[in-house]
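Enquirer: I have a structure here, written as structure tokens, and I will follow up with some questions on it.
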Amino acid sequence: MHKEMFLTVVNVFNHMVKELEADFSVQIDNCSCIKGFPDRLYQLWSNLLKNALEAAGRGGKVWIQSEQSLNKVRIAIGNTGDPIPEEHKRKIWEKFFSTKSANGTGLGLSIVKRVVEEHGAKIDLKSDLDGTVFTVEFNLKDCEV
């Protein structure tokens, strides 16, 4: 998976960025490429970005950032929206759990969790008054450079 996939995902959601007048930034290193199933990785990033934009709301800030260490590649998608309530943090990964009433199916984050597991990666959630960040960590041995 190369930087181009992120740019494709960003382009797909560009209308949403404009509609929400979001402050949106992407800082992905060229070396952030993960071996895997492109369609599944696309689902992962699409679901996380869509949720981040929706949670940020009008005029909110959303970002995608990569970081590489000696043996890991971390990709974070974050927003400055309201924090995820503590009682929801475990439930959000469950199929059909949604807080979006009629607009949500509750499938997005269950798909994210499944794709992360399929790729032997890890996902971390940090959500507080400063915003919410989902960080996906892949082993560098699985990265094509």
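The values are calculated or read from the model by the stated rules, or taken from the named source; none is laboratory data. A quick note: this is a predicted structure, and the numbers were derived from the prediction, not measured. Note that each Cβ is placed from the backbone with ideal geometry, even for glycine, and that neighbours are counted across all protein chains shown. Heads up: the accessible areas ignore ligands, DNA and RNA and are worked out on the full protein's heavy atoms, side chains in. Shrake-Rupley method; radii C 1.70, N 1.55, O 1.52, S 1.80 Å.
Enquirer: Quick one: length gained pulling Thr8 to Thr135 fully straight, 0.36 nm per residue minus the C-alpha distance?
Expert: That works out to 43.8 nm of additional length.
Enquirer: With n ≥ 4 as the cut-off for DSSP H runs, can you work out [θ] at 222 nm for the chain, using -39500 (n - 2.57) per run divided by the number of residues, rounded to the nearest 500?
Expert: Helix contribution divided over all residues of the chain: -10000 deg cm²/dmol.
Enquirer: Based on DSSP, what percent of beta bridges with both residues in region 1-117 are antiparallel, to the nearest 5? Walk me through the numbers before you get to the answer.
Expert: Working: 7 of 12 bridges.
DSSP beta bridges in region 1-117 are roughly 60 percent antiparallel.
Enquirer: Over the heavy atoms of Lys35, what accessible area does a 1.4 Å probe trace out, to the nearest 10 Å²?
Expert: 120
Enquirer: Pairs of alpha-carbon atoms within less than 8 angstrom and 6+ residues apart define the contacts here; what relative contact order does the chain have, in percent?
Expert: Normalised by residue count, the contact order of the chain is 26 percent.
Enquirer: Using the Kirkwood formula over every pair of different C-alpha atoms, what hydrodynamic radius in Å results for the chain?
Expert: About 15.4 Å for the chain.
Enquirer: In addition: Run the quick spin-label model on Gln68 and Asp128: label points 7 Å from Cα toward the beta carbon, then report their separation in nm to one decimal.
Expert: For Gln68 paired with Asp128, the spin-label model returns 3.0 nm.
Enquirer: Say R0 is 30 Å: what FRET efficiency, to the nearest 0.05, do Met16 and Lys89 get from their beta-carbon distance? Intermediate results must be reported in sequence, preceding the final value.
Expert: Values: r = 25 Å, r/R0 = 0.82.
That pair, Met16 with Lys89, gives E of 0.75.
Enquirer: Pairing the Cα long axis of helix 3-12 with the longest principal axis of the chain, what angle in degrees results, from 0 to 90 and rounded to the nearest 10?
Expert: Helix 3-12 sits at roughly 20 degrees to that axis.
Enquirer: Right, another one. Can you give the relative contact order of region 44-95 as a percent, counting alpha carbon pairs under 8 Å and 6+ residues apart?
Expert: That works out to 33 percent.
Enquirer: Which angle between 0 and 90 degrees, to the nearest 10, do you get for helix 38-56 versus the longest principal axis of the chain when only C-alpha atoms count?
Expert: The helix 38-56 is inclined about 40 degrees to the chain.
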